[in-house]
Amino acid sequence: MMNQMNQKMKNNIKEFFNEINNSDKICVIGHIAPDGDCIGSVMALYEFLKTEFDKDIRFGFDGKIPYNFKSYVDEKLILTDFEDKKFDLLVVLDCGDEERLGKYKSLIPNSKKIICVDHHKTNTEFADINIVDPTISSTGELLFHMLKFGNKQISLKMAEYIYTAIITDTGNFSYSSTSSTTHRVASELIDIGVDVAKIDNQIYNSKPVSTVKAYIECISNINFYYNNKLGIAKISDEIVKRNNANINDIEGIVEFIREINEVEISCVLKEYNPALTKVSLRSKNDIDVSEISKKFEGGGHAKAAGFQINGSLKESEAILVKELEVYLNK
Ligand code: 5GP
Ligand code: MN
């Protein structure tokens, strides 16, 4: 089904399954502050390995599991105390560089073999085997193609994880990364038994009131620049605390700003601490925000990227407004 799988990709996927067969201790991890694609693809691969093999299989997430993915992860099983732990095989999913591994970065020198499965344009090919295709909608979709190529059975549980990865990374099949193949994959997953409405309720219709109240405060204070081509919202610690919310659960603001007709680039700034700001960028048309992110040692995709700035919310906003002038002040 995957259209242009080149020989290198095929060889890498064969190697991936060989390495799995030949390894006793395997660990599957994703990127820091895990999102739907990260959690869905890590859990799908973990589920596959757990059911198909009698091996020591572990998984890890660095950062809080967002409220809407809690039922996807048995948090008691998340890898902790791994300083001295050695793995035969470390599979890294949905993560473009070593820094994004967060605390699990220390697993890199402690693992005999590292395989990275990813779709980020900015992937640095840090692993021994890199199965990376930036044209694919999500790591979940890429994993599906790999499992199919290996003639592996996809259980209902795996299908639910993969479906979740796809819908969250494609904005429900709306981003330009969505291909006809993405839809064919989804259709196969539905044939396996995925209940589309159940997953929709789980992921999107389950927001805590505290999160929504914080969201409303943030979107009532969007600043616009360059004839409304740039919209910036700030999620301050004050707003988060006042509403008793969790900063990582306040999602969707950057997409909300992009819905505005005039906006070309939308931006959300999260106050990690008074001197550290997390930046999320989205573009609507031709501006490649992954290029902007690279300048700040971040990464991502052409239309969705992110990075951090060592500065306050206000300072970061000023830096961004200046940085984006060349793109927007035409
Ligand atoms: P988000 O804005 O939703 O956090 O992330 C959008 C995209 O940019 C995702 O693909 C994510 O992996 C990537 N991204 C976000 N923050 C960072 C970062 O600090 N470093 C890198 N390399 N990628 C990031
Ligand atoms: Mn992804």
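Taking Thr51 as meeting all but one of (1) among the polar types (S, T, N, Q); (2) farther than 30 Å from Phe296 by Cα; (3) within 16 Å of ligand 1 (Cβ to nearest atom), write down the number of the exception.
(3)
Have a look at Lys270, Lys314, Lys294 and point out the one that is surrounded by fewer than 20 Cβ atoms within 10 Å (Cβ to Cβ), within 15 Å of ligand 1 (Cβ to nearest atom) and over 19 Å from Asp169 (Cα atoms).
After applying the criteria, what remains is Lys294.
Of all residues in region 26-48 being hydrophobic (A, V, I, L, M, F, W, C) and within 10 Å of ligand 1 (Cβ to nearest atom), which is surrounded by the fewest Cβ atoms within 10 Å (Cβ to Cβ)? Give the steps one after another, and end with the answer.
Within region 26-48, the subset hydrophobic (A, V, I, L, M, F, W, C) is 26-29, 32-33, 38-39, 42-45, 48.
Cutting the leftovers down to within 10 Å of ligand 1 (Cβ to nearest atom) gives us 32-33, 38.
Working: Ile32: 17, Ala33: 19, Cys38: 27.
Step by step, filter region 26-48, then rank; the result is Ile32.
Please list, ordered by first then second residue, the pairs with beta carbon atoms under 8 Å, 6 or more apart or interchain, first in region 240-261 and touching a residue at least 24 places away in the same chain (Cβ under 8 Å) and acidic (Asp, Glu), second within 12 Å of ligand 1 (Cβ to nearest atom) and part of a loop (DSSP other than H, G, I, E, B).
Short answer, once both residue conditions are applied: Asp249/Pro66; Glu251/Pro66; Glu255/Gly171.
If you check Asn18, Asn123, which single one turns out to be within 16 Å of ligand 1 (Cβ to nearest atom) and polar (S, T, N, Q)?
Unique residue meeting the criteria: Asn123.
Give me the strands (runs of 3 or more DSSP E) completely within region 211-277, filtered to those with at least 1 residues that are within 18 Å of the chain's Cα centre (by Cα), closer than 20 Å to Ala305 by Cα and in the same structural domain as Ala305 (by TED's automatic domain parsing), ordered by residue number.
265-273
So if I check each of Met43, Met9, which one is part of a helix (DSSP H, G or I), in contact with a strand residue (DSSP E or B) (Cβ under 8 Å, 6 or more places away or on another chain), under 17 Å from Asn123 (Cβ atoms) and hydrophobic (A, V, I, L, M, F, W, C)?
One residue alone meets the criteria, Met9.
Which of the residues spanning region 109-138 are within 20 Å of Val185 (Cβ to Cβ) and within 12 Å of ligand 2 (Cβ to nearest atom)?
Once the filter is applied, which keeps residues that are within 20 Å of Val185 (Cβ to Cβ) and within 12 Å of ligand 2 (Cβ to nearest atom), region 109-138 yields Val117, Asp118, His119, His120, Val132, Asp133, Pro134, Ile136, Ser137, Ser138.
Hey, does region 36-44 have a residue that's touching a helix residue (DSSP H, G or I) at 6+ places or on another chain (Cβ under 6 Å) and either more than 16 Å from ligand 2 (Cβ to nearest atom) or under 20 Å from Glu297 (Cα atoms) (or both)?
Checking region 36-44: not a single residue is touching a helix residue (DSSP H, G or I) at 6+ places or on another chain (Cβ under 6 Å) and either more than 16 Å from ligand 2 (Cβ to nearest atom) or under 20 Å from Glu297 (Cα atoms) (or both).
Looking only at region 97-112, which residues are within 9 Å of ligand 1 (Cβ to nearest atom) and in a loop (DSSP other than H, G, I, E, B)?
Asp97
For region 286-318, give me each residue that is in a helix (DSSP H, G or I) and more than 16 Å from ligand 2 (Cβ to nearest atom).
Correct list: Glu291, Ile292, Lys294, Lys295, Leu313, Lys314, Glu315, Ser316, Glu317, Ala318.
Given the residues Tyr175, Tyr104, which is the only one that is hydroxyl-bearing (Ser, Thr, Tyr) and farther than 24 Å from Phe16 by Cβ? Outline the logic, then answer.
Numbers: Tyr104 fails: farther than 24 Å from Phe16 by Cβ.
After applying the criteria, what remains is Tyr175.
The values are calculated or read from the model by the stated rules, or taken from the named source; none is laboratory data. What you are looking at is a predicted structure, and each value in this text was computed from that prediction instead of being measured. Please note: Cβ atoms are built from the backbone with ideal geometry, for glycine as well, and neighbour counts cover all protein chains shown.
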